[in-house]
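Working notes for the structure below.
The values are calculated or read from the model by the stated rules, or taken from the named source; none is laboratory data. Note that the structure is predicted; figures quoted are calculated from it, not measured. Positions of Cβ are backbone-derived with ideal geometry, glycine not excepted, and every protein chain shown enters the neighbour counts. When the accessible area is computed, the model is the full protein with side chains, heavy atoms only, and any ligands, DNA or RNA have been set aside. Shrake-Rupley method; radii C 1.70, N 1.55, O 1.52, S 1.80 Å.
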Amino acid sequence: SITTSDGTAVGGNNGRHTTDSSGSIVIPNIEPETTVIIKETKAKAGYVLDDTPQQAVIKSNEVVTVEVLNNPLGSLQIIKKDSSTREPLEGVQFMVTYSDGRVVGNGTGLYTTDAAGSIMITNLEPEATVIIKETRAKDGYLLDDTPQQAVIKSNEVTTIEVLNKPLGGLR
């Protein structure tokens with residue numbers, strides 16, 4: 001969204017502009033000494049929206065450049081294994097939240113390991129801390145509900161391995 005400082009739309013399409021394949025927007029014929037406000041309203045999929053407004057003053061016979069940087073989102077992989085055999089454990093459920101209490105991803109924040117004992121969660125905020133807590137163990141295993149933390153890195157997969165102890169028996 002590009003407007004003047006008084007809120008008047010700049011360029012066509014009510015001041016809404018989309019970057020081209022080179023990541024650029026060019027708007028010609030803006031009156032000199034006009035202050036424009038640039039605000040990103042939608043980021044490319046897989047990137048963090050930077051909706052911090054930026055301003056620039058248009059100069060006569062110059063092209064003013066404003067750069068908006070987007071950090072790629074990160075991913076989290078949770079791997080669940082048997083503590084004795086190191087075999088993957090399917091069907092283990094985890095609650096995943098950000099450290100501020102917001103649930104991660106799908107609305108409930110609950111994720112279940114697949115046949116490979118793995119959960120992959122994509123499109124997470126970079127530099128955010130997530131809390132991983134086991135909520136349901138596989139039958140025959142001891143629930144480990146000790147919360148674990150991980151810091152998500154931009155454009156990387158952060159991996160957490162969690163082990164479950166098999167239950168014993170008495171005869």
Inside region 152-171, the number of residues satisfying the requirement of being hydrophobic (A, V, I, L, M, F, W, C), at pLDDT below 95 and touching a Ser or Thr at 6+ places or on another chain (Cβ under 6 Å) is 1
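What do you reckon, is GLN77 within 30 Å of ASN29 (Cβ to Cβ) and touching a residue at least 40 places away in the same chain (Cβ under 8 Å)? I'd like the intermediate steps shown before the answer.
Values: within 30 Å of ASN29 (Cβ to Cβ): no; touching a residue at least 40 places away in the same chain (Cβ under 8 Å): yes.
Answer is no for this residue.
Filter region 82-95 down to residues that are open to solvent by less than 50 Å² (accessible area, probe 1.4 Å) and of a type outside the set (Val, Ile, Thr) and give me whichever is nearest to the chain's Cα centre (by Cα).
Filtering region 82-95 down to residues open to solvent by less than 50 Å² (accessible area, probe 1.4 Å) leaves 82-83, 89, 91-94.
Of the ones still in play, those that are also of a type outside the set (Val, Ile, Thr) are 82-83, 89, 91, 93-94.
Values: ASP82: 30, SER83: 31, LEU89: 26, GLY91: 25, GLN93: 21, PHE94: 18 Å.
For region 82-95, the residue satisfying everything is PHE94.
Given the criteria of a type in the set (A, V, I, L, M) and open to solvent by 60 Å² or more (accessible area, probe 1.4 Å), does VAL66 qualify?
Working: of a type in the set (A, V, I, L, M): yes; open to solvent by 60 Å² or more (accessible area, probe 1.4 Å): no.
In short, no.
Yes or no: region 47-60 includes at least one residue that is open to solvent by less than 40 Å² (accessible area, probe 1.4 Å) and over 21 Å from THR159 (Cα atoms).
Within region 47-60, the first condition is being open to solvent by less than 40 Å² (accessible area, probe 1.4 Å), and the residues that meet it are 56, 58.
The next check asks that each one be over 21 Å from THR159 (Cα atoms); those that pass are 56, 58.
Yes.
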Only one of (1) open to solvent by less than 60 Å² (accessible area, probe 1.4 Å); (2) without any contact (Cβ under 8 Å) to a residue 60 or more places away in the chain; (3) not in a loop (DSSP other than H, G, I, E, B) does not apply to LYS133, and that is (1)
When VAL157 is run through (1) under 14 Å from THR97 (Cβ atoms); (2) within 15 Å of the chain's Cα centre (by Cα), the failure sits at (1)
Subset of region 136-149, residues open to solvent by less than 70 Å² (accessible area, probe 1.4 Å) and touching a Leu at 6+ places or on another chain (Cβ under 6 Å), comes to ALA137, GLY140
key: So GLN77, is it part of a strand (DSSP E or B) and exposed (fewer than 15 other Cβ atoms within 10 Å of the Cβ)   = no
Picked from region 96-108 (must be open to solvent by less than 40 Å² (accessible area, probe 1.4 Å) and in contact with a Phe, Trp or Tyr (Cβ under 9 Å, 6 or more places away or on another chain)), the residue modelled with the lowest pLDDT is VAL104
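Out of all the residues in region 109-128, which are over 24 Å from ALA43 (Cα atoms), open to solvent by 40 Å² or more (accessible area, probe 1.4 Å) and not in a strand (DSSP E or B)? Break it down stepwise before answering.
The initial filter retains those residues of region 109-128 that are over 24 Å from ALA43 (Cα atoms), namely 110-119.
Subsequent filtering for residues that are open to solvent by 40 Å² or more (accessible area, probe 1.4 Å) retains 110, 112, 114-116.
Those that are over 24 Å from ALA43 (Cα atoms), open to solvent by 40 Å² or more (accessible area, probe 1.4 Å) and not in a strand (DSSP E or B): ASP114, ALA115, ALA116.
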